[in-house]
Amino acid sequence: MDVTEKNSLRFEQIAKRYGKKEVLKSLSGKIPMKQITSLIGPNGAGKSTLLSILSRLLEQDGGSVYFNDKLLSTYKGEELATKLSILKQSNHLDLKLTVKELVSFGRFPYCKGRLTDKDRQKVQEALLFSDLESLQDAYIDELSGGQRQRAFIAMIIAQDTDFILLDEPLNNLDMKHGVYVMKTLRRLVDELGKTVVIVIHEINFAAQYSDHIIALKDGDIRYDAPTDAVIQADVLEDIFGISFDIIEKNNKKICNYFNL
């Protein structure tokens, strides 16, 4: 088995039920290394459920998840947190924290709250990478929604894991901060060699920034392919049930689904 195969996140016959409802129907797949993989699909397709299982926030009812060629369930929490990070959809804090203090939480798996010089350096690097140095002493609860989300992403950057999973990080963001977040994720892949998995609703962000797309519908994986193969009018119509017009500009595809 080569290095790429060993350093991977894959799932086999994953199933999940909520009562009588089958949310995931025996799904299998593998996350491409050092790429952005977007999970797309209509509401209720199973995107967030799959991401939660891949990050071990939720236990599947059937099937297995393998990380670095080991069952994900066999990892100790502290060890896994140095290899895989997750940013959930809703992040609320009751504590009065500055941006820098929040970002420092990303180092907890390594230092258990007692920051070393290396940890402090990682925090500063994350603030710089996220363009948050000027806001590092600001309190989280005084920031805009977009600035707050950037701070949480900086915390994940400080955690310095090879795999980064995010559940709808663009939720409730304006266009400017949405673009900023996606550009930051793109840089994490291109400059730092990270592997990013993201649940995303805005199809044009997926089209512009993703390398790979896993499209879900009714608990099934309908498509699992490079972005260009999925961003096709007939494919998207099959997934979302509406008509699309695909416009190409600067070697990128724009999805028009208005008034068609």
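Condition test on residue 193, is it crowded, with 22+ Cβ neighbours inside 10 Å and either within 18 Å of the chain's Cα centre (by Cα) or aromatic (Phe, Trp, Tyr) (or both)? So residue 193 does not fit the description; no. The residue list 199, 181 contains one member that is assigned by TED's automatic domain parsing to the domain that holds residue 67, out of contact with any Pro (no Cβ under 7 Å at 6 or more places or on another chain) and closer than 24 Å to residue 85 by Cα, which is 199. Taken over region 38-55, residues that are more than 13 Å from residue 221 (Cα to Cα) and touching a Ser or Thr at 6+ places or on another chain (Cβ under 7 Å) amount to 0. For region 60-104, the set of residues classified as more than 20 Å from residue 195 (Cβ to Cβ), surrounded by 15 or more Cβ atoms within 10 Å (Cβ to Cβ) and small (Gly, Ala, Ser) consists of 63, 104, listed by residue number.
Of the residues making up region 208-222, those that are touching a Leu at 6+ places or on another chain (Cβ under 9 Å) and within 18 Å of residue 26 (Cα to Cα) are 214, 215, 216, 219, 220, 221, 222. Of all the listed residues (21, 16), the sole one being assigned by TED's automatic domain parsing to the domain that holds residue 208, in contact with a Ser or Thr (Cβ under 7 Å, 6 or more places away or on another chain) and of a type in the set (D, E, K, R) is 16. State yes or no: is residue 63 more than 18 Å from residue 164 (Cα to Cα), under 17 Å from the mean Cα position of the chain (by Cα) and not assigned by TED's automatic domain parsing to the domain that holds residue 110? No; evaluated as a whole, the condition is false for this residue.
Within region 110-144, the set of residues being touching a residue at least 40 places away in the same chain (Cβ under 8 Å) and touching a strand residue (DSSP E or B) at 6+ places or on another chain (Cβ under 9 Å) comprises 138, 139, 140. Only residues that are hydroxyl-bearing (Ser, Thr, Tyr) and more than 14 Å from residue 201 (Cα to Cα) were counted across region 33-54, and they come to 2. For region 132-152, the criterion of being in contact with a Gly (Cβ under 9 Å, 6 or more places away or on another chain), assigned by TED's automatic domain parsing to the domain that holds residue 105 and buried (at least 20 other Cβ atoms within 10 Å of the Cβ) is met by no residue. For region 103-132, a tally of residues being of a type in the set (S, T, N, Q) and part of a loop (DSSP other than H, G, I, E, B) returns 2.
Taking region 153-180 as the range and being assigned to a helix (DSSP H, G or I), under 14 Å from the mean Cα position of the chain (by Cα) and surrounded by fewer than 21 Cβ atoms within 10 Å (Cβ to Cβ) as the test, only 178 passes.
The values are calculated or read from the model by the stated rules, or taken from the named source; none is laboratory data. The shown structure was predicted, so the numbers you read here are calculated from the model rather than taken from an experiment. With ideal geometry, Cβ positions are generated from the backbone for all residues, glycine too; neighbour counts draw on all protein chains shown.
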